[in-house]
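Enquirer: My questions will all concern the structure given below.
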Amino acid sequence: MGFIKKMEIEYSEFEVGREAGKKVQEIDEESVQCVICTDYIKYFAIPETCNHNLICWNCVLKQRLKLNQTACSMCKEESNRVLITTDKTQTIVKWDSRMIEEVTNGIVFSNP
Ligand SMILES: [Zn+2]
Ligand SMILES: [Zn+2]
C-alpha cells in the first residue's frame, strides 16, 4: 500500500471519531514491514529481552535454525527465547506460561 493511500485511509478513519483509533491500529498492523526481508509481517517474532517487533518469523526462524544466531537483528541483544505471535504488542513476559508452547531452539508460539 502506498504511503499517500495509507494516509488517506488513516485520515478517513480518524474522521469517524475516537472509535477509529482501533481501526487505524489494524491498518498499521497490516502494513508493518520486516526490516530484513521487507515482507509485510503476519507473524511477528518478538525476542524476550528487547521486545523488538519489526522482524517477521521467517527471518528469525532462519537465523535461529540455520545460522544459529540468537541475537536480535536490530539491537544485537541476545535472547534465549523469541515469541511468534500475530499481536505485535505481545511479549513473552506478558504471557502466562500455560499459554505459550516452546517448540525448539527457544522458539515459542503464542496459542491463539
Ligand atoms: Zn522477514
Ligand atoms: Zn532488539
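Bear in mind that the values in this text are calculations on the coordinates, not laboratory data. Remember, it's a predicted structure, so these values are computed and weren't measured experimentally. Glycine gets a Cβ as well: all are built from the backbone with ideal geometry, and neighbour counts include every protein chain shown.
Enquirer: Taking 0.36 nm per intervening residue step and subtracting the Cα-Cα distance, what contour gain separates Ser97 from Asn111 on full extension?
Expert: Taking Ser97 through Asn111 to full extension adds about 4.0 nm, to one decimal.
Enquirer: If I model a spin label at Tyr43 and Met74 as a point 7 Å from the Cα along the Cα→Cβ vector, what separation in nanometres do I get?
Expert: Reported label-point gap for Tyr43 and Met74 is 1.9 nm.
Enquirer: Moving to a separate point now. For the stretch 33-110, place one equal point scatterer on every Cα, skip the solvent, and apply the Debye formula. What is log10 of I(q)/I(0) at q = 0.21 Å⁻¹?
Expert: For the stretch 33-110 at q = 0.21 Å⁻¹, log10 I(q)/I(0) is -0.85.
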